[in-house]
Structure formats: structure tokens, C-alpha cells
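A.B. asks: Next up is a structure, given as C-alpha cells.
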Amino acid sequence: MDTQAAIAAFAALAQDHRLQIFRLLMRQAPYGLPAGQISDCLGITASTLSSHLSQLERAGLLRSWRDQRRIFYAANAEGIRELIAFLTEECCEGHPELCGYTPQGDPALDFKAGVADAPEPKASFRDDRVFNVLFLCTGNSARSIMAECILNRLGRGRFHAYSAGSQPRGTVHPYALELLQHYHYDISHLRSKNWGEFSGPDAPPLDFVFTLCDEAAQESCPVWPGQPMTAHWGLPDPAAAQGPDSAKRFAFVDTLRMLTQRIDIFVNLPVAKLDRLSLQHRVDAIGKTTPQAERS
């Protein structure tokens, strides 16, 4: 990489939205994301996102390809290696290996540059394994708590659900507890907790991470163990419902119903028979159903 190419790469990253896009796609490496999902995750309009993606791709930091009607973007491992090599080539008088580091030996960049362009490998999921699923929202007091309970019931031992929040309220909403208890869910273990519990070395390896509120989807998530598949299943916050207690309780009932519908679709997916890209399409589609469509 020459100096001008390095300057172009640094210029591409020297903007808040472009840096967020790059970091999001690095977390997904070696797989990519469709432009629409990047827009949903980061809250960037489609027109603005297109401009940012083009600049990152021109700088050699991203790659793109078309799959049917969608354009996917992924981190370009080769371009990133070249940029790191440019930064370190003069280290220790031209011997960066003396520092114990070379770009070629960095496990964080140990993926094939063209993996996402090639036919997707079959998912490594087996029928006989248990899938770990994490549901996220900001407060971890209502939606994600209910989703955890629903999946642990509907999953019939094939799924182990967890929930957490980026800014947990510390207590589970009393209407959520009341409703779950009414439908005979086990609430004895429920607590509002920080998502940091699931990013450490002792955390369970995650297979899926689903965000249930727009705020959590737009925040910079921790690095999850296991390189899980992610999707956004945004739903209105029942805790924000206004009016008499009856209206507020109905909002929780409605949320429980919508979550049950989505999770029922999810647990019936032929996970072990789908390649990763097809599975990503399916879990994305579950989150695209709107509350209005689900009520019809």
C-alpha cells in the first residue's frame, strides 16, 4: 500500500458514521450484511449510507456483491491487512516481528478475502445441539425478558435463551412479571442485567443475537463470543404505553403475542439444513413483519 492509498483509507474512517459501519462489518466478518440491515442497525438513511459505503469500498476497506435483489457488504480482509502492514512496516527498524506482531499472524484478520462472494458453506449447526440465543433491548425489563421466557418454552430444549440490556433498569417491569406468571412461565430466575455479562471469556458461546428495540440496535455492541448471527426484531416498548392501567396491561399482552408469533416461526426454521446466508435471510424476514401485519 502506498501513502496515498493509506491516506484515502484513513480519510474514509475519519467520520463517525463510516467508522460505525466499518466496526459493525468487522464484527460480522467473514460474512457480510445487506445494506438495508446496516441502515436499520445504525439508524442511517439509505441515501446517506450509500455514500458512506461507496467511500469505504473505494478506500479498499469493504467489498460488495449482489445476491438477487440485495447488495451485501463485508470487511475486505486484504485491504485491512495492507493498511496494518503500512502502519507497522517501519516498526523496530523494519522488523515488526520483533514486537511480536505481523499482520499475517493476526487472528482477527484470519479470514479469506473472498469468502462472502463464494457460495455460502452449509451452516455448522447440527440437529442434536442446543442453540444459545440472546435477546437485547435497552432496559432489559420487558420485551427481552418476555422473549427469553417464550423461547425457553417453545424451544423445547433445542434453544437456551438469555436476555440483557445496554442500560438495564435493574428490575423487571411488574406488568411483565404479572403477565408471565399468569401464563405459567417460570419467573423465579428473571433479572434485569447488563449485556456485558455475555461478552466475557466465561460467557456462553452465542449462536443468535436479536435486538428488540431500535436504541439497542443502534448502539455499539460488545464482541459476542461465538460470532453469532444477528438480526433486528424491533417492537414497540409496552412500558411506554400511556393511559389507564387496562391500556398499559393490554400493551404487554400485545407484545407477548407478537413475540410468541415471531419466536414460533424461528424455532420451526430448519436451522441445520440452511446455509448461513439463507438462514440470515430467514431471521431478517421474521423481524420485518410489522405489528399491523401481525394483527391482521
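A.B. asks: If the requirement is being farther than 21 Å from Arg282 by Cβ and of a type in the set (Val, Ile, Thr), which of these qualifies: Ile44, Ile38?
C.D. replies: On the way: Ile38 fails: farther than 21 Å from Arg282 by Cβ.
Residue meeting the stated conditions: Ile44.
A.B. asks: Could you pull out the residue among Ser163, Ser192 that is among the polar types (S, T, N, Q) and under 17 Å from the mean Cα position of the chain (by Cα)? It would help to see each step written out before you state the result.
C.D. replies: Details: Ser192 fails: under 17 Å from the mean Cα position of the chain (by Cα).
Every option except Ser163 fails the conditions.
A.B. asks: Take the conditions surrounded by 22 or more Cβ atoms within 10 Å (Cβ to Cβ), out of contact with any Gly (no Cβ under 7 Å at 6 or more places or on another chain) and over 27 Å from Ala272 (Cα atoms) and apply them to Ala142. Does it pass? Break it down into steps so the answer makes sense when it comes.
C.D. replies: Details: surrounded by 22 or more Cβ atoms within 10 Å (Cβ to Cβ): yes; out of contact with any Gly (no Cβ under 7 Å at 6 or more places or on another chain): yes; over 27 Å from Ala272 (Cα atoms): yes.
Yes; evaluated as a whole, the condition is true for this residue.
Table: residues versus (1) surrounded by 15 or more Cβ atoms within 10 Å (Cβ to Cβ); (2) under 23 Å from Ile21 (Cα atoms); (3) at pLDDT below 95; (4) not assigned by TED's automatic domain parsing to the domain that holds Ser246.
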{"position": "Ala147", "(1), (2), (3), (4)": "yes, no, no, no"}
{"position": "Arg156", "(1), (2), (3), (4)": "no, no, yes, no"}
{"position": "Leu177", "(1), (2), (3), (4)": "yes, no, no, no"}
{"position": "Phe198", "(1), (2), (3), (4)": "yes, yes, yes, no"}
{"position": "Pro205", "(1), (2), (3), (4)": "no, no, yes, no"}
{"position": "Ala216", "(1), (2), (3), (4)": "yes, yes, yes, no"}
{"position": "Glu219", "(1), (2), (3), (4)": "yes, yes, yes, no"}
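A.B. asks: Find the residue count for segment 178-203, including only residues that are among the charged types (D, E, K, R) and part of a helix (DSSP H, G or I). Steps first, please.
C.D. replies: Just the residues of segment 178-203 that are among the charged types (D, E, K, R), to begin with: 178, 186, 191, 193, 197, 202.
Filter once more, so that each one left must be part of a helix (DSSP H, G or I): 178, 197.
Here the count works out to 2.
A.B. asks: Could you please give the count of residues in segment 40-55 that are among the polar types (S, T, N, Q) and without any contact (Cβ under 8 Å) to a residue 12 or more places away in the chain? Walk me through it before giving the result.
C.D. replies: Filtering segment 40-55 for residues among the polar types (S, T, N, Q) gives 45, 47-48, 50-51, 54-55.
Restricting the remaining residues to those that are without any contact (Cβ under 8 Å) to a residue 12 or more places away in the chain gives 45, 47, 51, 54.
Number of matching residues: 4.
A.B. asks: Do you know which of the residues in segment 124-139 that are under 15 Å from Glu197 (Cα atoms) and of a type outside the set (Gly, Ala, Ser) is surrounded by the most Cβ atoms within 10 Å (Cβ to Cβ)? Even if it seems obvious, please write down each step before you answer.
C.D. replies: We begin by selecting, within segment 124-139, every residue under 15 Å from Glu197 (Cα atoms); these are 132-139.
If we keep only those that are of a type outside the set (Gly, Ala, Ser) too, we end up with 132-138.
Working: Asn132: 21, Val133: 25, Leu134: 27, Phe135: 28, Leu136: 28, Cys137: 30, Thr138: 22.
Only one residue fits best here, namely Cys137.
A.B. asks: I want to confirm something. Restricting to segment 222-252 and keeping residues that are surrounded by fewer than 14 Cβ atoms within 10 Å (Cβ to Cβ) and in a helix (DSSP H, G or I), which single residue is modelled with the lowest pLDDT?
C.D. replies: Ranking the qualifying residues of segment 222-252, first place goes to Ala240.
A.B. asks: Given the criterion over 23 Å from Leu235 (Cα atoms), touching a helix residue (DSSP H, G or I) at 6+ places or on another chain (Cβ under 7 Å) and in contact (Cβ under 8 Å) with a residue 60 or more places away in the chain, identify the matching residue among Gln37, Gln20.
C.D. replies: Only one candidate passes the filter, namely Gln20.
A.B. asks: Look through segment 11-57, keep the residues that are of a type in the set (Val, Ile, Thr) and over 20 Å from Ser278 (Cβ atoms), and return whichever of them is surrounded by the fewest Cβ atoms within 10 Å (Cβ to Cβ). Break it down stepwise before answering.
C.D. replies: Of segment 11-57, the ones of a type in the set (Val, Ile, Thr) are 21, 38, 44-45, 48.
The next check asks that each one be over 20 Å from Ser278 (Cβ atoms); those that pass are 21, 44-45, 48.
Working: Ile21: 27, Ile44: 21, Thr45: 8, Thr48: 11.
Top of the filtered list is Thr45.
The values are calculated or read from the model by the stated rules, or taken from the named source; none is laboratory data. Source: prediction; values computed, not measured. Note that each Cβ is placed from the backbone with ideal geometry, even for glycine, and that neighbours are counted across all protein chains shown.
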